[in-house]
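The values are calculated or read from the model by the stated rules, or taken from the named source; none is laboratory data. In this text, all values refer to a predicted model and were calculated from it rather than measured experimentally. When we count neighbours, we look across all protein chains shown, and the Cβ atoms used for this are built from the backbone with ideal geometry, even at glycine.
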Amino acid sequence: MIEIALQKELTAADGIMKLDVDLRIQQGHLVTLFGDSGAGKTSILRMIAGLMIPDDGQINVNGSNWMDVKKGISLKPQQRRVGFLFQNYALFPNMTVQENLTYALEKGQDKKIVDELIETIELGDLQNRKPGTLSGGQNQRVALARALVRKPEILMLDEPLSALDTKMRMKLQDFILTVHKRYNLTTILVSHDANEVIKMSDEVFFLEGGKIIKHGKPVDVFASKRVSGKFQLFGEIINIEKQDIIYVVTVLIGANIVKVIADESEADSMSIGDKVIVASKAFNPLIRKIEE
Amino acid sequence: MDWQPLILTFKLALTATILLLVVSVPLAYWLAYTKVKLKPVVETLVSMPLVLPPTVLGFYLLVALSPSNIFGHWLDHYFGLRLIFSFQGLVFASIIYSLPFMVHPIQAGFSNLDTTLVEASYVLGKSKIKTLFKVLLPNIRPSLLTGIVLAFAHTIGEFGVVLMIGGNIPGKTKVASIAIYDEVEALNYHTANSYSLILFAISFSILLTVFLINGGYIKRFWR
Amino acid sequence: MNILKGNINSLNTSGRLTIVTLDVSGFSLKSIIIENPETVTYLRIGNPIQVMFKETEVVVGKGSDIAVSLDNRIDGVITEITKGVLLSSLIIDTKAGKIKATLTSESVTKLDLQPGEPVTALVKTTEIMLSE
């Protein structure tokens, strides 16, 4: 069990924000921190890693005390066994893919793990190339592998997929899930994509203005009630217009735009920017192969 | 023509540059990452030789290092070092005089480097020292090269400080720039021209090499 | 969206598919879903459940003994008709609660639907969604 309590005053774009969170994360779970940018997600990760010092709070990881402000305990980042995947990859430009991974080895650690990880992320052919010559998706995979070399107790991923296109995203999501299970990791993912959260995580913490306003299983948090529909998508309303006696609601889902018919009473309760769930029965949608 | 002043000049520049590198890397690292309020004061002190007339610097060094003063006496008493009118004194003065030329490029190199590289290294369990040598320094190689060459070239060209603190002792403190002055005084324009030409050519080639390397011309050429 | 409250009456499972029979204020409604009692906890006989279907999926029938393949039939009386150019919206008052239906204005005219008229609301088994 990982118990985290953090308080810190952060200077945000619009003045001071007080971050105050309590997180309990079960060993082996993949949890998400979900919320708009500026909600404090990245700061939480940085405080867990020891890269930022909170004003008050404690971090207890599987019985060992990493930080306790009142008792004056604070392990250095080097002493906390964490893996951190930075938004900009933070790969060392002077080292090859393989050197980036071997750099992360601990004294006396078996080098086998490096080869195993390179194989897992399917980058064997590129292992002697430098990060500057690789694509964003490839660099992100290298960074993921490098974060795993030390066998961290907590793997933290700071919006690792936001800069990638849909196809690469899906592939990386699968890689993350694979390594999460294979190495029995406890993983904290920062994301602002509801579909990603639902696909990836066991539990989600919904952050707003530095506070957790909701947490639980993703489906429970995003949909107020569980629905039997197998065709459920999470998106954001980008337009509502009245046509005849009905309303056409345009919803942005991932990179796709869909239109849904709504009744007057429903349309009245919605506005542009609202996060919505679009549900249908698996029996209704048509499916057809795209001719290439 | 006497080659001794030229040899002495390069011996001085080489020694000063090596020592400067040892001093400047930690200093630049501290300046780049410290949050101490004293930082602007230290930055100003480091930059002073850029604007101060070399004779002012030389004068104060002369006064401070003289064995009749506290600091000079202390050096003489405990280390047997007499820095005035000696080669060691010239090295010491050159280090101070060329400090900004070495510190500034390296400090800029550190500051421009993405801080997440450092954080990534720490999170991977690596110490500050290991991070400095394996991650930071290899990634600011162009800045290091610029610093080394600027400090070297600047030391070759110094005159005022050397004259004030070193005097004009052949084989000991008479460097090329002073030799040129001497020759002109003695109306030996031909010899003065030989020294000058050599210094010009060497400085030009050194600087050109830096621009070629940092500009990536050489890298492209070898590919 | 129409939401009615009911209870689970019986479950007929085959692999991952289940046809759920529900009792909604005396009406027997059926829904087919891709779940079985092992995959979700709410599939228990007697459990209260919400029945949801979209107003655009409601078929309105007039008269008795309508011979169509639709299993789900709820009798009621039209209380309100809002006519648009192409579409019209009906509110049907039933024992299970109010049901909204969106039809083409043409079919409203063709069937000569008027407020106060008894009708049957019909919904396909594949159109009914369940929610806890």
### Message
Being surrounded by 13 or more Cβ atoms within 10 Å (Cβ to Cβ) and farther than 23 Å from residue B:137 by Cβ is the filter here; which residues of the stretch B:2-46 pass it?
### Response
B:2, B:4, B:5, B:6, B:7, B:8, B:9, B:10, B:11, B:12
#### Entry: Every residue from the stretch C:82-106 that is surrounded by fewer than 17 Cβ atoms within 10 Å (Cβ to Cβ), in contact (Cβ under 8 Å) with a residue 24 or more places away in the chain and more than 14 Å from the chain's Cα centre (by Cα)
C:83
### Query
Which fully enclosed helices (runs of 4 or more DSSP H) of the stretch B:11-85 have 3 or more residues being touching a helix residue (DSSP H, G or I) at 6+ places or on another chain (Cβ under 9 Å) and within 25 Å of residue B:136 (Cβ to Cβ)?
B:39-51
### Query
What is the residue count in the stretch B:116-167 for residues that are within 26 Å of the chain's Cα centre (by Cα) and not in a helix (DSSP H, G or I)?
5
### Query
Which one of these is part of a loop (DSSP other than H, G, I, E, B), surrounded by 14 or more Cβ atoms within 10 Å (Cβ to Cβ) and not aliphatic (A, V, I, L, M): A:98, A:87?
A:87
### Summary
Residue set A:242, A:225; condition more than 30 Å from residue A:174 (Cα to Cα), within 12 Å of chain C (Cβ to nearest Cβ) and either surrounded by fewer than 16 Cβ atoms within 10 Å (Cβ to Cβ) or at pLDDT 90 or above (or both); output residue A:242
### Task
Consider only pairs whose beta carbons are under 7 Å apart and that are at least six residues apart or on different chains; among these, list those whose first residue lies in the stretch A:33-49 and is among the small types (Gly, Ala, Ser) and whose second residue is surrounded by fewer than 19 Cβ atoms within 10 Å (Cβ to Cβ) and part of a strand (DSSP E or B).
A:35/A:208; A:38/A:12; A:39/A:208; A:40/A:10; A:43/A:10
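Here is a yes/no grid of residues against (1) farther than 13 Å from residue C:131 by Cβ; (2) modelled with pLDDT under 90; (3) within 14 Å of chain A (Cβ to nearest Cβ):
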| position | (1), (2), (3) |
| --- | --- |
| C:1 | no, yes, yes |
| C:4 | no, no, no |
| C:11 | yes, no, yes |
| C:19 | yes, no, yes |
| C:22 | no, no, yes |
| C:32 | yes, no, yes |
| C:36 | yes, yes, yes |
| C:40 | no, yes, yes |
| C:51 | no, no, yes |
### Query
If you check residue A:197 against the conditions, is it outside any strand (DSSP E or B), under 16 Å from the mean Cα position of the chain (by Cα), β-branched (Val, Ile, Thr) and buried (at least 16 other Cβ atoms within 10 Å of the Cβ)?
yes
### Summary
Within the stretch A:245-270, the count of residues that are within 14 Å of chain C (Cβ to nearest Cβ) and in a strand (DSSP E or B) comes to 8
#### Entry: Candidates A:32, A:11, A:42, filtered to the one that is more than 15 Å from the chain's Cα centre (by Cα) and of a type in the set (Ser, Thr, Tyr)
A:11
#### Entry: Failed item in (1) outside any helix (DSSP H, G or I); (2) in contact with an Asp or Glu (Cβ under 9 Å, 6 or more places away or on another chain), with residue A:152 passing the rest
(2)
### Message
Restricting to the stretch A:155-187, count the residues that are surrounded by fewer than 16 Cβ atoms within 10 Å (Cβ to Cβ), assigned to a loop (DSSP other than H, G, I, E, B) and free of Cβ contacts under 8 Å to residues at least 40 places away in the same chain.
### Response
1
### Task
Among the candidates A:173, A:109, single out the residue that is out of contact with any strand residue (DSSP E or B) (no Cβ under 6 Å at 6 or more places or on another chain) and within 14 Å of chain B (Cβ to nearest Cβ).
A:109
### Task
Scan the stretch C:53-72 for residues that are away from every other protein chain (no Cβ under 12 Å) and at negative phi and report the count.
12
### Message
Quick check on the stretch B:104-114. Is at least one of its residues acidic (Asp, Glu), surrounded by 18 or more Cβ atoms within 10 Å (Cβ to Cβ) and either within 10 Å of chain A (Cβ to nearest Cβ) or over 24 Å from the mean Cα position of the chain (by Cα) (or both)?
### Response
no
### Query
Of (1) part of a helix (DSSP H, G or I); (2) crowded, with 16+ Cβ neighbours inside 10 Å; (3) of a type in the set (Val, Ile, Thr), residue B:173 satisfies all except one. Which?
(1)
#### Entry: Leading residue by the ranking (farthest from the other protein chains (Cβ to nearest Cβ)) among those in the stretch B:115-131 that are surrounded by fewer than 17 Cβ atoms within 10 Å (Cβ to Cβ) and not hydroxyl-bearing (Ser, Thr, Tyr)
B:129
### Task
Being surrounded by fewer than 18 Cβ atoms within 10 Å (Cβ to Cβ), charged (D, E, K, R) and under 22 Å from residue A:10 (Cβ atoms) is the filter; apply it to the stretch A:48-82 and report the residue that is farthest from the other protein chains (Cβ to nearest Cβ).
A:70
